[in-house]
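Everything below concerns the one structure shown next.
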Amino acid sequence: MSATAAATGESSLKSWLLLAPLLVFLAAFFVVPLAQVVVMSVTEPEFGFGHYAEIVTDGFHLRVLMETFVTALVVSLCCLLLGFPLAYAMAAAPASLAAAMMVVVTMSFWTSFLVRTYAWMVLLGNRGPIAQFAEWLGFAAPELLFTRFSSTIAMTHILLPYMVLSLYGVLKRIEPALPRSAASLGATPAAVIRHVVLPLAAPGIANGLTLVFVLCLGFYVTPILLGSPREQMVAGVIGQQVEEFLAFGEASAMAVVLLASTLIVLGLYHRRFGLDRLWG
Amino acid sequence: MTKPYLELKNLSKSYDGRSRALDAVNLTAAKGEFITFLGPSGSGKTTTLMLIAGFEAATEGEILVDGVPITRVPPHKRGIGIVFQNYALFPHRTALQNVMFPLQMRKMPKARATEKARAMLALVGLERFAERHPREMSGGQQQRVALARALVFDPALLLLDEPLGALDKNLRENLQIEIKRIQRSLGVTTIFVTHDQSEAMAMSDRIVVFEGGRIQQAGTPLQVYDRPVNEFVARFVGDSNLLPLHLTDPASGLGEIAGIGPVRLPPQPARQPGERATLLLRPEVLGLAQPGASNTCRMRVETVVHFGDSALLIGDAGGTALRARLPGQAAQGISERAEIALSWNPAAGHLIPAA
């Protein structure tokens, strides 16, 4: 009895030792700076909750938060609409084709998202192929760049792999006999999707939506480079406050609000599905 | 014969455009018949089932149900109930909701669908399990739910694709009887696919033996067992001794087996003298020879396997491998490496013409 206790004690000591470097690293470069941000949000320039009160009361901050949430929601839904057919086709495809599709999907993971963002700037730019095509057709070149449309489309593109992989995981696990058996029982192809595939894919859908939503909330570079300067997202506003106005307190408060919103979303997901499943 | 209900006409299937997984299959079934497709894996039995269900498209040929061609009808409009080997129950639905699914797809009012599904669950003996999810049920129970689900919408045909393959022996035998009872009470025309010949013998009105994408033989279980048309069927259905035979004088019913000697032939249509054939002797046809018996052979016993009610003797006679099944009592004194005299009734043998 005591021998086993000693043994478990020893092995748990060992695992703590193995974890130690990571824990020290996280403490030094993540927990401490984060704590500093929290402290700054109530001490800079003087002690008080003024920044938070400002966020809640002045229209600007609330509007930015709202914009951010709406954008994240739109991007998540776009990813779902685009990603579902792709993941479904991948799950149904023969192994070799599925592997090829997987390479295409993960290829965007390997490409720096800065590069992908610049690629969109080229595509959507005033002299870009889309504008030129519109002119060739005889229309005025549409204003695509620096709008909410351009930042949404680029973020959807960048985050799509997360959605596709989440959905592929659940769709691949659906037994192939189930859609067949549903068809034999009289279900049209649409009814098979609605009554069999979607309910069984629900955890993956929730998973993908949460991942994309949370990642999108904190997006910085893409909306800054592609988005409309009038419709900023939270991360961009925080950056601006730090770089242009040196308003560290205000920026910190916004950062804390952003962090809290992210944690709330993850908390809701955890209550319903369990966080351990989020990364598949 | 009564009017055919299911007709397969010249049905062929090729996956690569050259070799044929199924080659010109012709078959008819009467309404209410229980037909078993028997064969090793890759013999074409499952391919035929998939063509009837509509999950695969026929390369050639026609399928008719009650005189109506369904070859180009999509699966969801065929109205054919299918039970899969791995049950294929919807894991997110309870037993009752699973059974209600086909009725829901047919837009039946909910109250009526519930009532019908409950009645069907009662028929398979699972009314108390209506609210359970598949994961909370045993394999046998899940299989019954699958059966109820495939029957609840009064299907034109019931297809069973090795439905008992994953179950243990006792459960299998119980479910065989159960499936047969339910099938009789509903009178639904049924096709049962299996590679287990004892299952086929126990359940079928007719057995269709498949091999190499072709039907080798279709007949009642006893026809297939007693009078197989070729060596493949003889070997695949039941235990068999296949002895090469020289027809020395078929007109007077005489032949000769190398190493055993002259034997009397089964009473089958006359053949040409000098022809070669194979004599099928089921192991249970052989018995200990009485003094003065004809059709005898001497068997050197190598192994005795006791089953209690019977014993299987494995050995050889004049260089030909031989298996004999004797009643348990008769086999008691026989030890391994003994030499015994066996005889058989000529009429109990069966001549298979040389291929």
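Bear in mind these aren't lab numbers, they're just calculated from the coordinates by the rules spelled out. Quantities reported herein were computed from a predicted structural model and do not represent experimental measurements. Here Cβ is always computed from backbone atoms with ideal geometry, including for glycine, and neighbour counts include all displayed protein chains.
Brief remarks follow.
- For the listed peptides A:75-86, B:304-315, a ranking on the average number of other beta carbons within 10 Å per residue, highest first, reads A:75-86, B:304-315.
- Bins of 5 Å, starting at 0 and running to the largest distance - Cα pair percent for chain A: 1, 5, 9, 11, 12, 13, 13, 11, 9, 7, 5, 3, 1, 0, 0, 0, 0, 0
- Eligible lysines near residue B:9 by straight Cα distance, threshold 19 Å, same-chain separation 8 or greater: B:31, B:45
- Other protein chain C-beta atoms within 10 Å of residue C-beta, averaged over B:53-63: 1.
- Restricting the stretch A:178-280 to trypsin sites (Lys or Arg not before Pro) that sit in a DSSP loop and have at most 11 other Cβ atoms within 10 Å of their own Cβ leaves A:230.
- Candidate aspartates and glutamates for bridging to residue B:13, where Cα separation is under 20 Å - those fewer than 8 sequence places away on the same chain excluded: B:23, B:56, B:60, B:62, B:161, B:211
- GNM flexibility winner over chain A from A:209, A:185, A:159 (Cα, springs under 10 Å): A:185
- Taking 15 Å as the straight-line reach from the Cα of residue B:169, the aspartates and glutamates in range (excluding those fewer than 8 positions away in the same chain) are B:178, B:196, B:199.
- Cβ neighbours within 10 Å from other chains - mean over B:65-78: 2
- Residue-normalised convex hull volume from the C-alpha trace of the stretch A:145-245: 103 Å³ per residue.
- Beta bridge orientation in chain B: antiparallel %, DSSP, nearest 5: 75 percent
- Net charge of neighbours whose Cβ lies under 11 Å from the Cβ of residue B:3, counting Lys and Arg as +1 and Asp and Glu as -1: -1
- Loop-located chymotrypsin sites (Phe, Trp or Tyr not before Pro) in the stretch B:1-40 (DSSP state not H, G, I, E or B) with no more than 15 neighbouring Cβ atoms inside 10 Å: B:15.
- Antiparallel DSSP beta bridges within the protein assembly as shown, percent to nearest 5: 75 percent
- Computed from the C-beta positions of residue B:135 and residue B:332 and an R0 of 56 Å, the FRET efficiency is 0.65 to the nearest 0.05.
- Distance (nanometres) between label positions extended 7 Å along Cα→Cβ at residue A:97 and residue A:133: 2.5 nm
- Taking the empirical scaling 2.2 N^0.38 Å for compact globular proteins as reference, the stretch B:239-353 has a Cα radius of gyration ratio of 1.06.
- GluC sites (Glu not before Pro) within the stretch A:226-280: DSSP coil, no more than 16 neighbouring Cβ in 10 Å: A:244
- For chain B, the equivalent ellipsoid built from the Cα gyration tensor has semi-axes of 46, 25, 15 Å, listed from largest to smallest.
- Degrees separating the helix B:95-105 axis from the principal Cα axis of chain B, which is the longest one: 70 degrees
- Shielding by partners for peptide A:171-184, expressed as the average number of C-beta atoms from other protein chains within 10 Å of each residue's C-beta, is 6.
- Principal-axis tilt of helix B:110-123 within chain B, Cα atoms, nearest 10 degrees: 20 degrees
- Taking 0.36 nm per residue of separation and subtracting the current Cα-Cα distance, fully stretching the chain between residue B:229 and residue B:66 would add 55.7 nm.
- Average silhouette area of the protein assembly as shown, convex hull of alpha-carbon atoms, in square nanometres: 47.9 nm²
- Within the protein assembly as shown: Cβ-based charge dipole about Cα centre, in debye rounded to nearest 20 (Lys, Arg +1; Asp, Glu -1): 1640 debye
- The string of couplings for the stretch A:195-207 from the Karplus curve (6.51, -1.76, 1.60, θ = phi - 60°) is 9, 10, 5, 4, x, 6, 8, 3, x, x, 5, 4, 4 Hz, one whole number per residue in order, with x for Gly and Pro.
- By average C-beta atoms within 10 angstrom, highest first, the peptides B:147-154, B:124-131, A:263-270, A:104-111: B:147-154, B:124-131, A:263-270, A:104-111
- Viscosity 1.002 mPa s, 20 °C: Kirkwood-radius Stokes-Einstein D of the stretch B:169-296 over Cα pairs, µm²/s: 125 µm²/s
- Annotation: peptides B:172-184, B:21-33, ranked by per-residue average of other Cβ atoms within 10 Å with the highest first, follow the order B:21-33, B:172-184.
- With the helix formula -39500 (n - 2.57) applied to DSSP H stretches of n ≥ 4, chain B reaches a computed 222 nm mean residue ellipticity of -7000 deg cm²/dmol.
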